[in-house]
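Worksheet for the structure shown next.
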Amino acid sequence: MLRESYPYYLANEAVAANTDLEVLDKYSGDVATRVALAATETIDRAIDWAVKAEKPMAAMAPYERQAVLNHCVTRFKERYDELAEALCIEAGKPIGDARGEVTRLIDTFRVAAEESVRIDGEVINLEISPRARGYRGFVKRVPVGACSFISPFNFPLNLAAHKVAPAIAAGCPFVLKPASRTPVGALIIAEVLAETDLPNGAFSVLPCHREGADLFTVDDRFKLLSFTGSPAVGWDLKARAGRKKVVLELGGNAACVVDADTDLDDAVERLVFGAFYQSGQSCIGVQRIYGHSSIYAELKRRLVERTRQLVKGDPHDEETFIGPMISEGEATRLHNWIREGVEQGGTLLCGGERDGAMLDPTLLENVPRGCAVVEEEAFGPVAVLESFEDFDDVLARVNDSAFGLQAGIFTRDLYRAQKAWDQLEVGGVIIGDVPSWRVDNMPYGGVKDSGLGREGIRWAIADMTEERLLAIRTPAG
């Protein structure tokens, strides 16, 4: 069970200012806990503290930052069950998915600890012409300064970790706004950070309503804004962010191609996982499935059979694979998209029913272009099937999307794998698996409406640091 209430964290300190934010158990709909909600004045103070912490954070030796991150790894392992339980309640995650996310939280901080002592510079050759004779160049990386982080509801631990852990490794103070629907995981991270010797003001974690959070975007005291969420919100934030760096991870409608030479037993298991894990609420969840015509009928039959076997219900039950969506409103939205797809000529293969926030895992076939369930990000337990004949044509179909986060290709043909890598307009191509696959030390992010910049520890550290040049002239003689 969750505690009765949780404070927010202002400048490394727990502040039980109020209990204004109700956090619901997403399965029962009951109030599970209450969280302190930050006012605009509190956010302003947090930014001021973060600016004051810039120099002390930058002055921390790499091994000191590493010690902070290693402390977090140790404490997250010790609090593993508590963290998984929090996810199960506040996000409605089936307990198996919740445990998996806690494992990824630990991985992310562990990799950040390793990378914190590898932020190296380089020696560059400046003698490119006679006028530069005798000059030598050296480059080191320095922290950009105070960072603004806004994280979403679907991975309350891991997506916060992909902002927080690199910031500590790089030496950047930060202010984090967790999603109001799922703030508890981020507050537990803050509680662990408060046990360390980070400088005063190094971090603040402040749940707040969207209308009170403008300072996270527009305040010029921040040097970087990292946002994970919807495209409509993300691009608006970028337009208002001013001179700061901006990193956006904005989702997608990921496609997966199943070629004629595929092991169908393996592909079906991975596709069902990719489409329906944590009720499809993943930016890289499988939404569009293209099967080669020679194996399409069998692929469809097996997918329908396997999808119907998925257990839905209480996320605390070890057998549950499909839990609730984040809210009844989101389930209703996607249910209406499914209905539209069928009304416009698509075929409902299985699922399609809703009970409150619970939406059945759903497979559709041949939904026409223009329908939201094909064009937009479903962000729920639904996937759409189509057949294809020509590999070049199906790559063009994958690209025919406003999004470009990741794509999956099941093929044993090396040349087709390379062609997909060369031609697909996505941030990552996954061969032999679904686009939903991610490991936390790889570069991750998209193109087009899927955002800009990359997560992944090394790449995030690169965004949170900047090059500083030293040029030395050695006079002749």
Give LEU193, LEU237 a once-over and let me know the one that is more than 23 Å from GLU377 (Cβ to Cβ) and among the aliphatic types (A, V, I, L, M).
LEU193
Cβ-Cβ distance below 9 Å, separation of 6 or more or different chains: which pairs start in segment 1-24 with a residue that is within 22 Å of ILE47 (Cα to Cα) and part of a strand (DSSP E or B) and end on one that is modelled with pLDDT under 95 and open to solvent by 50 Å² or more (accessible area, probe 1.4 Å)?
LEU21/HIS209
Qualifying residue in segment 415-433 (condition: buried (at least 19 other Cβ atoms within 10 Å of the Cβ) and touching a Cys at 6+ places or on another chain (Cβ under 8 Å)):
no
Every residue from segment 378-427 that is aliphatic (A, V, I, L, M) and in a loop (DSSP other than H, G, I, E, B):
ALA378, ALA402, LEU405, LEU424, VAL426
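Which one of VAL175, VAL142 is open to solvent by 10 Å² or more (accessible area, probe 1.4 Å), aliphatic (A, V, I, L, M) and in a strand (DSSP E or B)?
On inspection, the qualifying residue turns out to be VAL142.
Could you list, in sequence order, the residues of segment 147-164 that are part of a strand (DSSP E or B) and among the small types (Gly, Ala, Ser)? Before you say what the answer is, go through the steps one by one.
As a first pass, look at segment 147-164 and keep what is part of a strand (DSSP E or B): 147-150.
SER148 - this is the single residue of segment 147-164 that is part of a strand (DSSP E or B) and among the small types (Gly, Ala, Ser).
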Can you tell me which residues in segment 200-233 are touching a Ser or Thr at 6+ places or on another chain (Cβ under 8 Å), β-branched (Val, Ile, Thr) and not in a helix (DSSP H, G or I)?
THR228
Every pair of residues 6+ apart whose Cβ atoms lie under 6 Å, when the first sits in segment 227-248 and is under 19 Å from ALA160 (Cβ atoms) and open to solvent by 10 Å² or more (accessible area, probe 1.4 Å) while the second is among the basic types (Lys, Arg) and at pLDDT 95 or above:
VAL246/LYS238
Residue selected from segment 423-477 under the condition of a type in the set (Lys, Arg) and under 13 Å from the mean Cα position of the chain (by Cα), by the criterion nearest to ASP261 (Cα to Cα):
ARG438
Look at segment 48-89 and say how many of its residues are farther than 19 Å from SER116 by Cα, open to solvent by less than 10 Å² (accessible area, probe 1.4 Å) and of a type outside the set (Val, Ile, Thr).
6
Confirm whether GLY323 is more than 25 Å from ARG181 (Cβ to Cβ) and either modelled with pLDDT of 95 or more or open to solvent by less than 70 Å² (accessible area, probe 1.4 Å) (or both).
no
Out of the residues in segment 189-207 that are in contact with a helix residue (DSSP H, G or I) (Cβ under 7 Å, 6 or more places away or on another chain) and surrounded by 24 or more Cβ atoms within 10 Å (Cβ to Cβ), state the one that is nearest to GLU85 (Cα to Cα).
ILE189
Could you grab me the full set of residues in segment 98-139 that are touching a strand residue (DSSP E or B) at 6+ places or on another chain (Cβ under 6 Å), under 30 Å from CYS72 (Cβ atoms) and in a loop (DSSP other than H, G, I, E, B)?
ILE119, GLY121
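The values are calculated or read from the model by the stated rules, or taken from the named source; none is laboratory data. Please read these numbers as outputs of a predicted model, since none were measured by experiment. Heads up, the Cβs are rebuilt from the backbone with ideal geometry, glycines too, and the neighbour counts pull from every protein chain shown. Protein only, heavy atoms only, side chains kept; ligands, DNA and RNA dropped before computing areas. Shrake-Rupley method; radii C 1.70, N 1.55, O 1.52, S 1.80 Å.
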